[in-house]
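The values are calculated or read from the model by the stated rules, or taken from the named source; none is laboratory data. Since this is a predicted model, take the numbers as computed values, not measurements. Cβ sites come from the backbone with ideal geometry, for glycine too, and all protein chains shown count toward neighbours. Areas reflect the complete protein model, heavy atoms only, side chains present, ligands, DNA and RNA absent. Shrake-Rupley method; radii C 1.70, N 1.55, O 1.52, S 1.80 Å.
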Amino acid sequence: MNDVREIVTRAVLAKGRKKFKIKETVLVNCDVSSVLGCWIINHQFTTELKNKEVVVNGQFENNIWYSADDNSRTDVARSTTEYTGNVKVKEVLNDNISDHCDVVARILQQPTCTNALITNDGIEIDVVFEVLVEVIGETKMMVNVVNCSQQEDELDMLENEINEDFLESS
(Lines give C-alpha, C1' and ligand atoms only; values in the text may rest on other atoms or scores of the structure.)
Protein backbone atom coordinates (compact mmCIF):
# COMPACT_ATOMS: atom_id res chain seq x y z
CA MET A 1 0.00 0.00 0.00
CA ASN A 2 1.34 3.44 -0.95
CA ASP A 3 1.35 6.35 1.44
CA VAL A 4 1.80 10.01 0.59
CA ARG A 5 4.26 12.02 2.64
CA GLU A 6 5.04 15.72 2.68
CA ILE A 7 8.76 16.54 2.81
CA VAL A 8 10.62 19.82 3.06
CA THR A 9 13.56 20.29 0.70
CA ARG A 10 15.70 22.98 -0.89
CA ALA A 11 14.99 23.66 -4.55
CA VAL A 12 15.50 26.25 -7.28
CA LEU A 13 12.67 28.76 -6.90
CA ALA A 14 13.65 31.26 -9.61
CA LYS A 15 16.16 31.60 -12.46
CA GLY A 16 17.52 34.38 -14.62
CA ARG A 17 20.36 35.22 -16.96
CA LYS A 18 21.79 38.40 -18.36
CA LYS A 19 24.43 39.38 -20.87
CA PHE A 20 26.40 42.35 -19.60
CA LYS A 21 27.92 44.81 -22.09
CA ILE A 22 30.31 47.32 -20.54
CA LYS A 23 32.11 50.17 -22.29
CA GLU A 24 35.22 51.44 -20.50
CA THR A 25 37.86 54.03 -21.40
CA VAL A 26 41.40 53.29 -20.22
CA LEU A 27 43.63 56.35 -19.96
CA VAL A 28 47.07 56.24 -21.58
CA ASN A 29 49.85 58.84 -21.11
CA CYS A 30 51.20 58.76 -24.68
CA ASP A 31 50.14 58.69 -28.34
CA VAL A 32 48.86 55.19 -29.06
CA SER A 33 49.69 53.88 -32.54
CA SER A 34 47.76 50.62 -32.40
CA VAL A 35 46.11 48.19 -29.98
CA LEU A 36 47.88 44.84 -30.01
CA GLY A 37 45.69 42.92 -27.56
CA CYS A 38 43.34 43.13 -24.60
CA TRP A 39 42.89 40.68 -21.73
CA ILE A 40 40.33 40.71 -18.95
CA ILE A 41 41.52 38.97 -15.77
CA ASN A 42 40.66 38.54 -12.07
CA HIS A 43 36.88 38.76 -12.41
CA GLN A 44 35.17 38.74 -9.00
CA PHE A 45 31.54 39.38 -8.09
CA THR A 46 28.94 39.14 -5.35
CA THR A 47 25.16 38.72 -5.56
CA GLU A 48 22.23 39.88 -3.47
CA LEU A 49 18.51 39.17 -3.81
CA LYS A 50 16.31 42.30 -3.80
CA ASN A 51 12.61 41.88 -4.56
CA LYS A 52 12.32 39.94 -7.85
CA GLU A 53 15.84 40.77 -9.02
CA VAL A 54 19.38 39.69 -8.23
CA VAL A 55 21.88 42.54 -7.91
CA VAL A 56 25.35 41.61 -9.21
CA ASN A 57 28.29 43.74 -8.02
CA GLY A 58 31.69 42.96 -9.45
CA GLN A 59 35.01 44.03 -10.82
CA PHE A 60 37.67 42.88 -13.26
CA GLU A 61 41.07 44.05 -14.45
CA ASN A 62 41.76 45.30 -17.98
CA ASN A 63 45.19 44.76 -19.52
CA ILE A 64 45.62 46.45 -22.90
CA TRP A 65 48.79 45.83 -24.87
CA TYR A 66 49.47 48.70 -27.26
CA SER A 67 52.21 50.20 -29.41
CA ALA A 68 53.23 53.86 -29.18
CA ASP A 69 55.56 56.40 -30.76
CA ASP A 70 54.85 55.28 -34.36
CA ASN A 71 55.04 51.60 -33.43
CA SER A 72 58.57 51.94 -32.01
CA ARG A 73 57.74 50.62 -28.51
CA THR A 74 55.03 48.69 -26.68
CA ASP A 75 53.46 48.95 -23.26
CA VAL A 76 50.53 47.61 -21.24
CA ALA A 77 47.82 49.86 -19.82
CA ARG A 78 46.12 48.48 -16.73
CA SER A 79 42.88 49.51 -15.08
CA THR A 80 40.12 48.07 -12.92
CA THR A 81 36.46 48.21 -13.92
CA GLU A 82 33.71 48.03 -11.31
CA TYR A 83 30.12 47.32 -12.32
CA THR A 84 26.65 46.81 -10.88
CA GLY A 85 23.76 45.21 -12.71
CA ASN A 86 20.35 43.72 -12.05
CA VAL A 87 19.33 40.28 -13.30
CA LYS A 88 15.57 39.74 -13.47
CA VAL A 89 14.51 36.27 -12.34
CA LYS A 90 11.49 34.23 -13.36
CA GLU A 91 9.76 32.07 -10.76
CA VAL A 92 10.16 28.36 -11.41
CA LEU A 93 8.44 27.29 -8.20
CA ASN A 94 6.21 29.54 -6.11
CA ASP A 95 5.91 27.42 -2.95
CA ASN A 96 8.59 29.14 -0.87
CA ILE A 97 8.02 28.31 2.81
CA SER A 98 10.89 30.33 4.27
CA ASP A 99 12.00 33.94 4.21
CA HIS A 100 15.63 32.94 3.73
CA CYS A 101 16.84 32.33 0.16
CA ASP A 102 20.32 31.81 -1.27
CA VAL A 103 21.55 33.02 -4.64
CA VAL A 104 23.88 30.88 -6.71
CA ALA A 105 25.50 32.61 -9.69
CA ARG A 106 27.63 31.17 -12.46
CA ILE A 107 29.49 32.86 -15.27
CA LEU A 108 28.30 31.36 -18.56
CA GLN A 109 30.69 33.48 -20.63
CA GLN A 110 33.84 34.92 -19.06
CA PRO A 111 34.47 38.65 -19.55
CA THR A 112 35.99 39.18 -22.97
CA CYS A 113 37.09 42.30 -24.81
CA THR A 114 35.15 42.40 -28.09
CA ASN A 115 36.38 45.75 -29.43
CA ALA A 116 39.15 48.27 -28.75
CA LEU A 117 39.16 51.77 -30.20
CA ILE A 118 41.81 54.48 -29.89
CA THR A 119 40.22 57.80 -28.83
CA ASN A 120 41.49 61.22 -27.75
CA ASP A 121 41.04 60.18 -24.10
CA GLY A 122 42.81 56.82 -24.34
CA ILE A 123 41.63 53.37 -25.41
CA GLU A 124 37.92 52.58 -25.33
CA ILE A 125 37.11 48.87 -24.88
CA ASP A 126 33.89 46.89 -25.04
CA VAL A 127 33.63 44.00 -22.58
CA VAL A 128 30.94 41.30 -22.75
CA PHE A 129 30.08 38.50 -20.29
CA GLU A 130 27.02 36.48 -19.29
CA VAL A 131 25.73 35.52 -15.83
CA LEU A 132 23.21 32.84 -14.79
CA VAL A 133 21.57 33.21 -11.37
CA GLU A 134 19.41 30.79 -9.40
CA VAL A 135 17.42 31.59 -6.27
CA ILE A 136 17.33 28.59 -3.92
CA GLY A 137 14.93 28.25 -1.02
CA GLU A 138 12.87 25.78 1.02
CA THR A 139 9.71 24.23 -0.40
CA LYS A 140 7.38 21.31 0.31
CA MET A 141 6.92 18.26 -1.90
CA MET A 142 4.41 15.41 -1.83
CA VAL A 143 5.99 11.99 -2.43
CA ASN A 144 4.64 8.46 -2.67
CA VAL A 145 6.11 6.08 -0.12
CA VAL A 146 6.17 2.36 -0.84
CA ASN A 147 6.00 0.05 2.14
CA CYS A 148 9.54 -1.35 2.39
CA SER A 149 8.62 -4.58 4.21
CA GLN A 150 6.34 -5.57 1.32
CA GLN A 151 9.23 -5.22 -1.16
CA GLU A 152 11.57 -7.24 1.08
CA ASP A 153 9.02 -10.09 1.23
CA GLU A 154 8.88 -10.16 -2.58
CA LEU A 155 12.68 -10.27 -2.80
CA ASP A 156 12.84 -13.13 -0.26
CA MET A 157 10.34 -15.10 -2.37
CA LEU A 158 12.46 -14.53 -5.47
CA GLU A 159 15.54 -15.84 -3.67
CA ASN A 160 13.70 -19.06 -2.77
CA GLU A 161 12.85 -19.66 -6.45
CA ILE A 162 16.51 -19.68 -7.57
CA ASN A 163 18.11 -23.08 -8.00
CA GLU A 164 21.68 -22.62 -6.79
CA ASP A 165 22.69 -26.12 -7.95
CA PHE A 166 21.64 -25.69 -11.59
CA LEU A 167 25.24 -26.15 -12.86
CA GLU A 168 25.81 -29.34 -10.91
CA SER A 169 22.61 -31.02 -12.07
CA SER A 170 23.71 -31.36 -15.72
How much of residue 48 can a 1.4 Å solvent probe reach, expressed as accessible area in Å² and rounded to 10? 90
Quick one: putting +1 on the C-beta of Lys and Arg, -1 on the C-beta of Asp and Glu, what dipole do you get for segment 13-135 around its Cα centre, in Debye to the nearest 20? 480
Might you report the magnitude of the Cβ-based charge dipole of segment 60-118 about its Cα centre, with Lys and Arg at +1 and Asp and Glu at -1, to the nearest 20 debye? 160
Could you look at the chain and say what percent of its accessible area is carbon and sulfur, using a 1.4 Å probe and all protein chains? 45
Could you tell me the center-to-center distance, by alpha carbons, between segment 67-97 and segment 17-40 in angstrom? 11
What does the extension gain come out to for residue 68 and residue 88, with contour length at 0.36 nm per residue minus their alpha carbon separation? 2.9 nm
Along the charge dipole of segment 12-63, which of 32, 45, 63 sits closest to the positive end, that is, farthest toward it, with unit charges on the beta carbon of Lys, Arg, Asp and Glu (+1, +1, -1, -1)? 45
Averaged per residue, what accessible area in Å² does the chain show with a 1.4 Å probe, protein chains only? 69
Compute the FRET efficiency between residue 20 and residue 101 as 1/(1 + (r/R0)^6), taking r as their Cβ-Cβ distance and R0 = 30 Å, and round to the nearest 0.05. 0.85
Return the label of the correct value of Rg/Rh (Cα atoms, Kirkwood Rh), as calculated from the structure shown, out of [x] 1.17; [y] 0.94; [z] 1.39. [z]
